[in-house]
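Following: one structure in structure tokens, then a few remarks.
The values are calculated or read from the model by the stated rules, or taken from the named source; none is laboratory data. Note that the coordinates shown come from a computational prediction; the quantities given were computed from them, not determined experimentally. All Cβ positions, glycine included, derive from the backbone under ideal geometry; neighbour counts span all protein chains shown.
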Amino acid sequence: MIDFYTWTTPNGRKISVMLEECGLEYTTHAVNLQKEEQFKPEFLAIAPNNKIPAIVDHDAPGGPVSIFESGAILLHLAEKSGKFLPASGPERAKVLEWLFWQMGGIGPIMGQAGHFTTQAPEQVPYAIDRFISESARLIKVLDTQLSKTEFMAGEYSIADMATYPWVILGFDLIKSAKPDVIGEGENVARWIRMIGERPAVIKGMAVPEVAS
Ligand SMILES: N[C@@H](CCC(=O)N[C@@H](CS)C(=O)NCC(=O)O)C(=O)O
């Protein structure tokens, strides 16, 4: 059994999608970021960086283990299930390449774009333009890759699961802000449609259920 600590944000949804895709049994614990529950000592004991997602895998080989950082969790679950990450060879390298591209690029950059456009106490035009432009550049990179392959690394993988929850959130907004960079982004649009139709993705994107 897996205890899963999450909230209604893209980094959490990467993991709920993967858990659903693998059919792994899990219990969801909603960590309300608006109420600053990520700073509670019992959560910090599992996730010292005070961010969701985190898991405790009670049936890991060698005994129970707690893991924070969404990329590390995706790798753990892929290795545990034997799914969505080839065991070796160039196919594995390609999945890891695009997974780390998401972890170091799309996630932090789109996160800052969202922060400076909707949450910052003052409007900072340079920061807004910097993060929206870099998000647009990254989406164009994704679009070019998806013009060559059906999914990011060939077959559907943890790289797609890591990237989809971010791109679905910002694609229309960034495309309309930077049409000169992204154009129609038709390959990303096709990829969004294909992934969004997967039953596990529909379920995973609705985790955690919170009263509105
Ligand atoms: N690199 C981390 C980022 C996690 C992250 O930024 N989580 C956000 C929600 S999407 C969070 O918990 N923020 C709470 C805070 O910063 O206090 C990962 O991929 O797991």
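Descriptive notes on the structure:
- Checked against the criterion of being at pLDDT 95 or above, closer than 26 Å to Leu19 by Cα and under 15 Å from the mean Cα position of the chain (by Cα), region 177-190 contains not a single residue that satisfies it.
- Residue-level check: of (1) free of Cβ contacts under 8 Å to residues at least 40 places away in the same chain; (2) more than 24 Å from Ile52 (Cα to Cα); (3) surrounded by 13 or more Cβ atoms within 10 Å (Cβ to Cβ), Phe171 misses just (2).
- Test: residue in region 16-24 that is of a type outside the set (Gly, Ala, Ser) and either within 9 Å of the ligand (Cβ to nearest atom) or over 20 Å from the mean Cα position of the chain (by Cα) (or both): no
Okay, residues lined up against (1) touching an Asp or Glu at 6+ places or on another chain (Cβ under 6 Å); (2) of a type in the set (S, T, N, Q); (3) under 21 Å from Gly204 (Cα atoms):
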site: Asp3; (1), (2), (3): no, no, yes
site: Gly12; (1), (2), (3): no, no, yes
site: Ser16; (1), (2), (3): no, yes, yes
site: Glu25; (1), (2), (3): no, no, yes
site: Val31; (1), (2), (3): yes, no, yes
site: Glu42; (1), (2), (3): no, no, no
site: Ile46; (1), (2), (3): no, no, no
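- Conditions (1) assigned to a helix (DSSP H, G or I); (2) within 16 Å of the ligand (Cβ to nearest atom); number of the one not met by Asn32: (1)
- In the set (1) over 14 Å from the mean Cα position of the chain (by Cα); (2) buried (at least 18 other Cβ atoms within 10 Å of the Cβ); (3) outside any loop (DSSP other than H, G, I, E, B); (4) in contact (Cβ under 8 Å) with a residue 40 or more places away in the chain, the condition left unmet by Ser133 is number (2).
- Considering region 98-113, the residues that are closer than 14 Å to Ala136 by Cα and within 11 Å of the ligand (Cβ to nearest atom) include one that is farthest from the chain's Cα centre (by Cα), namely Gln112.
- Cβ-Cβ distances below 8 Å connect the following pairs, each with a first residue in region 63-90 that is more than 17 Å from Glu25 (Cα to Cα), a second residue that is in a strand (DSSP E or B) and within 12 Å of the ligand (Cβ to nearest atom), and a separation of six or more residues or different chains: Phe68/Ala54.
- Within region 35-48, considering residues that are within 20 Å of the chain's Cα centre (by Cα) and among the aliphatic types (A, V, I, L, M), the one nearest to the ligand (Cβ to nearest atom): Ala47
- For region 191-212, taking the residues that are in a loop (DSSP other than H, G, I, E, B) and more than 22 Å from Cys22 (Cβ to Cβ), the one that is modelled with the highest pLDDT is identified as Val210.
- Count - residues of region 49-85 that are basic (Lys, Arg) and within 11 Å of the ligand (Cβ to nearest atom): 1
- Options Gly196, Gly183, Gly154: the member that is surrounded by fewer than 16 Cβ atoms within 10 Å (Cβ to Cβ), at positive phi and not aromatic (Phe, Trp, Tyr): Gly183
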